[in-house]
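Student: Take a look at the following structure, please.
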Amino acid sequence: MKIRTSQDFQRIREKGLKRLYPKRVRVKVGMATCGISTGAAEVYDALREEVNKEKLDIVVGQTGCIGFCQQEPIVDIQEFGKPRVLYGEMTPKKAVQLVSGWFDGEVRPKWALCRFDEERNILTGDLYAHISNGVPKKMEKIPRYHEIPFYREQVKIALRNCGFIDPESIEEYVAIGGYRSLWHILSNMKPEEVIEEVKRSGLRGRGGGGFPTGVKWELCRKAKGDVRYVICNADEGDPGAYMDRSVLEGDPHSVLEGMVIGAYAIGAHEGYIYVRDEYPLAVQKLRAALNRAEEYGLVGQDILGTGFDFSIKINKGGGAFVCGESTALMASLEGNVGEPRAKHIHTVESGLWEKPSNLNNVETWANIPVIIARGSDWFAKIGTERSKGTKVFSLVGKVSNTGLVEVPMGITLREIVYDIGGGIPGGRRFKAVQTGGPSGGCIPESLLDLPVDFDRLTEVGSMMGSGGMIVMDEANCMVDVAKYFINFLRDESCGKCTSCREGTQRMYEILDDITEGRGKRGDIERLEELGWVVRETSLCALGGTAPNPVLSTIKYFRDEYEAHIEEKRCPAGVCKALIQYTIDPELCTACGRCRKDCPSDAISGAKKVPHTIDQEKCIKCGMCIEACKFDAVTVQ
Amino acid sequence: MDFRKVDSIIGQHGNRESEVISILQDIQQEKNYLAKEVLEHVAEKMTIPLARVYRIATFYNVFSLKPRGRHLINVCLGTACHVRGGERILEKLERDLKVVRGETTKNQRFTLETVHCLGCCSLGPVMVVDGKTFGRLNQNTVGKLLRDFD
Amino acid sequence: MIAFTIDGVGVEAEEGSTILPVALENGFEIPHLCYHEEVSPYGACRLCLVEVERGGRRRLTASCTYPVQEGIQVFTDTEKVQRARRMIVELLLARCPDRVVLQELASQMGIEKPGFTLRQEECILCGLCERVCREVVGANAISFFSRGYKRDMGPPFRDPKACIACGACVYVCPVDCIKMEETAEERTIVRWERTLKMKKCTVCDRSFAPWYQLEYIKERAKLPKDFLDICPDCRG
């Protein structure tokens, strides 16, 4: 049934509110890819089985990723009139115990992550209070959402609904204010006015380019021609970044709504969402959401009865990082190989099928409904002078609290890594944080107080990129990290231009030599020269930014490079050719576990005789380290 | 060779040249890999030069022109997984399955591939087998996980 | 007409032109490999780099694909251009050390030996052969395949059945790596492993073209069956 009047909207909103805040107990399981890969599906099945078996008055449902991925599987219980509670690291057994004891008043505070006494809806500004009669005694010890370090400094705009709503329920999306922005602009604003709002907000592209979104929309609208396209870049290829995946899996309607608003502003009637092939669940959720949106008349012909037509098609990528580049993405949509072209003529003037095309990233689109609802002034108050709003980062690697965090621009790296991330686990020391994916660079400890901001990060040789933030400790070798990125880029290079194709390959060869103990004096200078050429002469931004990880690690960790080259030593103990595994005879208990696990029979020893490793046979696989319960294996 | 399913897939996509990547993806889903005869047939049916179809099939990682095993293993070598030892997991699998990355085991049971980022970075190292994701791997457990796949 | 400068000299060009052909016509020497006036520009070899100043900003860019604009200033031989060109030549030479054209470019720049491990490729992946085969001849017999450092050029599956042995690719290759061999009976395009029997003229009995090529032309131009049985000399 197509929505035509505000009464239609109200009816759906009411349906959604009943689903979101039922007058009973509602249990949600986080079923995004991060949840499922840790066993959320089994938890979900176990819960449903228990509820059916014991005929419990509980409705069990699904939700997206709430960002605290370290704690997955996450289960969320909401009883009408009581605080909503999040439970982490759940197993099928624990989940069953949780619900079966719930009506006896057992809330298991030890398993709880946090509780919500109330929820602020960032789209409408409304406050929903879960509790009416104060907090139940047994829940008092459970910290509140805004008190726990992981969430305390976060401001969720793009991720506002992830982990809160059922992504497959359009009613819930409407209930929290969804599609209200679309209704508003179609009823009350001219396309140019929408563009002005987005311009005034200061929103900059969240995919890595950081180009002012409103300006891009305006250029596209003004370009010559009758046919225009609106495209969503969901080819999130930066390894270590999964922000877009979470939005697509947890709140696909936010992207659809953003795109329809954009299409109206720009004057486009056809849109594409290009999702990478490696995200099957995201594609599925997106397709389901699009179907529902079409049924309700929010996408397609005569949207909301206003006569505005805009249809969306979902295309899957073919497994090529370079297709995240706008011209390559459009080539791929046309059915060609993802080879970029020089951008002397911008895609806003000549893009998909040589028509003006506006391409934005998933996170950029997800911000649009909020900017329209709360206004550009509100948005512009968040962030820094030139980087407005929030940014979602995937905080991963050697950090205690890994997950997705959305923070106002201007927060420092130190706050993200230590306050939100909980610092480095295992008593290790921070070494570097890599931002911006393969196009970015490594930032050392001395720069941790840098505020996160498009321009500040670029100034120090890195970049914001799509938001990947990979923390490294002393056990990571920066030369190995540089080699890793260059290896990735030479693999993903389309191969068209000499600079990138030959340049990244040769940079890889030098780095490989260095990590294998064949480094020579002059290699660092050679890398710097190659880096200059690849950066300055490549045809597209893949090549143009490829040298960044290498050049930034040389800049801040030159001593590590020199140790590899001059002393044939890897200070972090990573590069296989330069390290040795030895067993400390004082710690070895001769239990024999390592000997059993060694795939190359390199360990010898007997009962009560400390074991030794034959260096000739040792392939440095590390199985002995995994096996040893006494930490007797050391790396030198 | 029976091309009825292939023709049906081409028809579902309206025989549109711009859809050739999606068409090849659906065909591979159906036929396990893209054989030379299949690509020749697609070229003829869609009146696209074979050279162009071949170019597309060899450009994108998702396509395989060689038969793949019954089960597809994708080990994540994304940055977060690399930093947490993803390479070691891959090497363990290479040893256990006696193949090199990109290859299929002799008994056609497994094809071992790598992927750069599946988007589960908090749970690294990660691998996907037949669409099922396994996180928090270590060298000891990874071999045992494969026992469930015949 | 669009007016701009190259190395301080004023030039004019039609709208829609790119810098390189205009520069060459006006006597400026910009080395290039993957550009040919008969096919569309590609921008792959990166040898034709120049510095272009526009709106107060200067950028290194490939002159074969940069559209001319009013008032831009093009510089063909600055320090930056030389530095970039040098490394590009070094990289290409390290890939294809036996190509005479590359050796000559290298010696002009004073490069003795590339500072990289030598590979033994012959093709520089400029794509001219593919573009001429697709855009001019229409045979579509060869294409790029694979990606990145594994990228290569050739017929699909190494099966050259669409090749009509016209020799256009041989003619256009800037590093002379596609050879053509002919006997009285056969013509071979060596690189694509394509050998075709030659057709003999029904009048003078000399071989004049591969039979397959003639069939292709007859089909494309819808000519009568025996139209191309007589060679051009005898027909004249």
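The values are calculated or read from the model by the stated rules, or taken from the named source; none is laboratory data. It should be emphasised that the depicted structure is a prediction, and the values quoted were computed from it without experimental measurement. Here the Cβ positions follow ideal geometry from the backbone for every residue, glycine too, while neighbour counts run over all protein chains shown.
Student: Of the residues B:GLU103, B:GLU91, which single one is without any contact (Cβ under 8 Å) to a residue 12 or more places away in the chain and farther than 28 Å from A:GLY338 by Cα?
Tutor: After applying the criteria, what remains is B:GLU91.
Student: Still on this structure, I have one more. Could you tell me whether A:ARG160 is out of contact with any Ser or Thr (no Cβ under 6 Å at 6 or more places or on another chain) and surrounded by fewer than 18 Cβ atoms within 10 Å (Cβ to Cβ)? Even if it seems obvious, please write down each step before you answer.
Tutor: Working: out of contact with any Ser or Thr (no Cβ under 6 Å at 6 or more places or on another chain): yes; surrounded by fewer than 18 Cβ atoms within 10 Å (Cβ to Cβ): no.
So A:ARG160 fails the test.
Student: How many residues, within segment B:47-63, are more than 10 Å from chain A (Cβ to nearest Cβ) and touching a residue at least 12 places away in the same chain (Cβ under 8 Å)? If you could, list the steps in order and put the result at the bottom.
Tutor: If we filter segment B:47-63 for residues that are more than 10 Å from chain A (Cβ to nearest Cβ), which is where we start, we get B:47, B:49-51, B:53-54.
Filter again for touching a residue at least 12 places away in the same chain (Cβ under 8 Å), leaving B:53-54.
Within segment B:47-63, residues that are more than 10 Å from chain A (Cβ to nearest Cβ) and touching a residue at least 12 places away in the same chain (Cβ under 8 Å) number 2.
Student: For segment A:350-361: of the residues being in contact with a strand residue (DSSP E or B) (Cβ under 9 Å, 6 or more places away or on another chain) and more than 12 Å from every other protein chain (Cβ to nearest Cβ), which is surrounded by the fewest Cβ atoms within 10 Å (Cβ to Cβ)?
Tutor: As a first pass, look at segment A:350-361 and keep what is in contact with a strand residue (DSSP E or B) (Cβ under 9 Å, 6 or more places away or on another chain): A:350-353, A:355-361.
Next cut, more than 12 Å from every other protein chain (Cβ to nearest Cβ) only: A:351, A:355-361.
Values: A:GLY351: 24, A:LYS355: 20, A:PRO356: 25, A:SER357: 29, A:ASN358: 29, A:LEU359: 25, A:ASN360: 28, A:ASN361: 26.
By that ranking, first place goes to A:LYS355.
Student: I'd like the residue in segment A:218-246 that is more than 20 Å from the chain's Cα centre (by Cα) and crowded, with 24+ Cβ neighbours inside 10 Å and, out of all such residues, is farthest from B:LEU123 (Cα to Cα).
Tutor: Going through segment A:218-246, the residues more than 20 Å from the chain's Cα centre (by Cα) turn out to be A:218-230.
If we keep only those that are crowded, with 24+ Cβ neighbours inside 10 Å too, we end up with A:220, A:230.
Working: A:CYS220: 40, A:VAL230: 34 Å.
The residue in question is A:CYS220.
Student: Just checking, does segment A:549-564 include any residue being away from chain C (no Cβ under 14 Å), touching a residue at least 12 places away in the same chain (Cβ under 8 Å), assigned to a loop (DSSP other than H, G, I, E, B) and under 31 Å from the mean Cα position of the chain (by Cα)?
Tutor: Scanning segment A:549-564, I find at least one residue that is away from chain C (no Cβ under 14 Å), touching a residue at least 12 places away in the same chain (Cβ under 8 Å), assigned to a loop (DSSP other than H, G, I, E, B) and under 31 Å from the mean Cα position of the chain (by Cα), so the answer is yes.
Student: Something else about it: Kindly establish whether A:MET472 is within 29 Å of A:LYS568 (Cα to Cα), touching a residue at least 40 places away in the same chain (Cβ under 8 Å) and within 19 Å of the chain's Cα centre (by Cα). Give the steps one after another, and end with the answer.
Tutor: On the way: within 29 Å of A:LYS568 (Cα to Cα): yes; touching a residue at least 40 places away in the same chain (Cβ under 8 Å): yes; within 19 Å of the chain's Cα centre (by Cα): yes.
Criteria met by A:MET472.
Student: If you don't mind, there's one more thing I want to ask. Determine the pairs where a residue that is over 17 Å from A:CYS497 (Cα atoms), located within segment C:114-125, has a partner that is surrounded by 13 or more Cβ atoms within 10 Å (Cβ to Cβ) and of a type in the set (D, E, K, R) with Cβ atoms under 6 Å apart, the partner being 6 or more residues away or on another chain.
Tutor: Qualifying pairs under 6 Å: C:PRO114/C:GLU90; C:PHE116/A:ARG506; C:ARG119/C:ARG95.
Student: Across segment B:139-150, what is the total count of residues that are in contact with a helix residue (DSSP H, G or I) (Cβ under 6 Å, 6 or more places away or on another chain) and surrounded by 15 or more Cβ atoms within 10 Å (Cβ to Cβ)?
Tutor: The number of residues fulfilling the criteria is 2.
Student: Let me ask something additional. If only one of C:VAL136, C:VAL172, C:VAL203 is away from chain A (no Cβ under 14 Å) and over 28 Å from C:SER40 (Cβ atoms), which one is it? Before the answer, list the steps.
Tutor: On the way: C:VAL136 fails: over 28 Å from C:SER40 (Cβ atoms); C:VAL172 fails: over 28 Å from C:SER40 (Cβ atoms).
Going through C:VAL136, C:VAL172, C:VAL203 in turn, just one is away from chain A (no Cβ under 14 Å) and over 28 Å from C:SER40 (Cβ atoms): C:VAL203.
Student: Can I ask one more? Would you be able to say whether some residue in segment A:364-371 is in contact (Cβ under 8 Å) with a residue 24 or more places away in the chain and touching a strand residue (DSSP E or B) at 6+ places or on another chain (Cβ under 7 Å)?
Tutor: Yes: segment A:364-371 contains one or more residues that are in contact (Cβ under 8 Å) with a residue 24 or more places away in the chain and touching a strand residue (DSSP E or B) at 6+ places or on another chain (Cβ under 7 Å).
Student: Something else about it: Can you tell me which residues in segment A:495-524 are assigned to a helix (DSSP H, G or I) and more than 8 Å from chain C (Cβ to nearest Cβ)? Break it down stepwise before answering.
Tutor: Within segment A:495-524, the first condition is being assigned to a helix (DSSP H, G or I), and the residues that meet it are A:498-515, A:523-524.
Matches in segment A:495-524: A:CYS500, A:MET507, A:TYR508, A:ILE510, A:LEU511, A:ASP512, A:ASP513, A:ILE514, A:THR515, A:ASP523, A:ILE524.
Student: Tell me which strands (runs of 3 or more DSSP E) are completely within segment C:1-61 and hold 1 or more residues being out of contact with any strand residue (DSSP E or B) (no Cβ under 7 Å at 6 or more places or on another chain) and farther than 22 Å from C:LEU91 by Cα, or say none if there are none. Outline the logic, then answer.
Tutor: Details: elements: C:2-6, C:9-13, C:49-54.
Strands (runs of 3 or more DSSP E) meeting the threshold: C:9-13, C:49-54.
Student: Another question, then. Scan segment A:250-288 for residues that are out of contact with any Phe, Trp or Tyr (no Cβ under 8 Å at 6 or more places or on another chain) and assigned to a helix (DSSP H, G or I) and report the count.
Tutor: 13
Student: When only residues in segment B:6-20 that are in contact with a helix residue (DSSP H, G or I) (Cβ under 7 Å, 6 or more places away or on another chain) and away from every other protein chain (no Cβ under 12 Å) count, which is surrounded by the fewest Cβ atoms within 10 Å (Cβ to Cβ)?
Tutor: B:ASP7
Student: Right, here's the next one. Quick check on this structure: which one of A:GLU89, A:GLU14, A:GLU49 is closer than 30 Å to A:GLY134 by Cβ, among the acidic types (Asp, Glu) and over 30 Å from the mean Cα position of the chain (by Cα)? Lay out the reasoning, then the answer.
Tutor: Values: A:GLU89 fails: over 30 Å from the mean Cα position of the chain (by Cα); A:GLU49 fails: closer than 30 Å to A:GLY134 by Cβ.
Going through A:GLU89, A:GLU14, A:GLU49 in turn, just one is closer than 30 Å to A:GLY134 by Cβ, among the acidic types (Asp, Glu) and over 30 Å from the mean Cα position of the chain (by Cα): A:GLU14.
Student: So if I check each of A:PHE150, A:PHE103, which one is out of contact with any helix residue (DSSP H, G or I) (no Cβ under 9 Å at 6 or more places or on another chain) and of a type in the set (Phe, Trp, Tyr)?
Tutor: On the way: A:PHE150 fails: out of contact with any helix residue (DSSP H, G or I) (no Cβ under 9 Å at 6 or more places or on another chain).
Among A:PHE150, A:PHE103, only A:PHE103 is out of contact with any helix residue (DSSP H, G or I) (no Cβ under 9 Å at 6 or more places or on another chain) and of a type in the set (Phe, Trp, Tyr).
Student: Look at A:VAL99 and say whether it is touching a residue at least 12 places away in the same chain (Cβ under 8 Å) and under 28 Å from B:PHE134 (Cα atoms). Show your work before the answer.
Tutor: Working: touching a residue at least 12 places away in the same chain (Cβ under 8 Å): yes; under 28 Å from B:PHE134 (Cα atoms): yes.
It is true that A:VAL99 is touching a residue at least 12 places away in the same chain (Cβ under 8 Å) and under 28 Å from B:PHE134 (Cα atoms).
Student: While we're looking at this one, here's another question. Quick check on A:CYS540: is it surrounded by 21 or more Cβ atoms within 10 Å (Cβ to Cβ), modelled with pLDDT of 90 or more and more than 30 Å from C:THR65 (Cα to Cα)? Even if it seems obvious, please write down each step before you answer.
Tutor: Details: surrounded by 21 or more Cβ atoms within 10 Å (Cβ to Cβ): yes; modelled with pLDDT of 90 or more: yes; more than 30 Å from C:THR65 (Cα to Cα): no.
No.
Student: If only one of A:LYS313, A:LYS343 is modelled with pLDDT under 95 and either surrounded by fewer than 24 Cβ atoms within 10 Å (Cβ to Cβ) or away from chain B (no Cβ under 14 Å) (or both), which one is it?
Tutor: Details: A:LYS313 fails: modelled with pLDDT under 95.
Of A:LYS313, A:LYS343, the one residue that is modelled with pLDDT under 95 and either surrounded by fewer than 24 Cβ atoms within 10 Å (Cβ to Cβ) or away from chain B (no Cβ under 14 Å) (or both) is A:LYS343.
Student: Name every residue in segment A:6-35 that is of a type in the set (Val, Ile, Thr) and touching a Cys at 6+ places or on another chain (Cβ under 9 Å), in order of residue number. Step through it out loud before you land on a result.
Tutor: So in segment A:6-35, the residues of a type in the set (Val, Ile, Thr) come out as A:12, A:25, A:27, A:29, A:33.
Of everything in segment A:6-35, just one residue is of a type in the set (Val, Ile, Thr) and touching a Cys at 6+ places or on another chain (Cβ under 9 Å), namely A:THR33.
Student: So, one more: Only one of C:LEU128, C:LEU118, C:LEU93, C:LEU105 is surrounded by fewer than 16 Cβ atoms within 10 Å (Cβ to Cβ) and of a type in the set (A, V, I, L, M, F, W, C); which?
Tutor: Numbers: C:LEU128 fails: surrounded by fewer than 16 Cβ atoms within 10 Å (Cβ to Cβ); C:LEU93 fails: surrounded by fewer than 16 Cβ atoms within 10 Å (Cβ to Cβ); C:LEU105 fails: surrounded by fewer than 16 Cβ atoms within 10 Å (Cβ to Cβ).
Unique residue meeting the criteria: C:LEU118.
Student: Then there's this: Within the bounds of segment B:101-115, is there any residue that is within 17 Å of the chain's Cα centre (by Cα), farther than 25 Å from B:MET1 by Cβ, among the acidic types (Asp, Glu) and at pLDDT 90 or above?
Tutor: Yes, there is a match, as at least one residue in segment B:101-115 is within 17 Å of the chain's Cα centre (by Cα), farther than 25 Å from B:MET1 by Cβ, among the acidic types (Asp, Glu) and at pLDDT 90 or above.
Student: In segment A:525-548, which residues are touching a Cys at 6+ places or on another chain (Cβ under 7 Å) and part of a helix (DSSP H, G or I)?
Tutor: Step one: filter segment A:525-548 for residues touching a Cys at 6+ places or on another chain (Cβ under 7 Å), giving A:534, A:538-539, A:542-543, A:546.
Within segment A:525-548, A:VAL534, A:LEU542, A:GLY543 qualify.
Student: Further question on the same structure: Show the residue pairs meeting these rules: Cβ distance below 8 Å; 6+ apart or different chains; first residue within segment C:163-181 and assigned to a loop (DSSP other than H, G, I, E, B); second residue acidic (Asp, Glu).
Tutor: C:VAL175/C:GLU122; C:CYS177/C:GLU122
Student: Return yes when C:GLU193 is surrounded by fewer than 14 Cβ atoms within 10 Å (Cβ to Cβ) and either within 25 Å of A:CYS500 (Cβ to Cβ) or not assigned by TED's automatic domain parsing to the domain that holds C:GLU37 (or both) and no when it is not. Steps first, answer last, please.
Tutor: Working: surrounded by fewer than 14 Cβ atoms within 10 Å (Cβ to Cβ): yes; either within 25 Å of A:CYS500 (Cβ to Cβ) or not assigned by TED's automatic domain parsing to the domain that holds C:GLU37 (or both): yes.
Against the criterion (surrounded by fewer than 14 Cβ atoms within 10 Å (Cβ to Cβ) and either within 25 Å of A:CYS500 (Cβ to Cβ) or not assigned by TED's automatic domain parsing to the domain that holds C:GLU37 (or both)), C:GLU193 qualifies.
Student: Of the conditions (1) in contact (Cβ under 8 Å) with a residue 40 or more places away in the chain; (2) in a loop (DSSP other than H, G, I, E, B); (3) over 16 Å from A:ILE514 (Cα atoms); (4) hydrophobic (A, V, I, L, M, F, W, C), A:CYS570 clears all except one; give me its number.
Tutor: (3)
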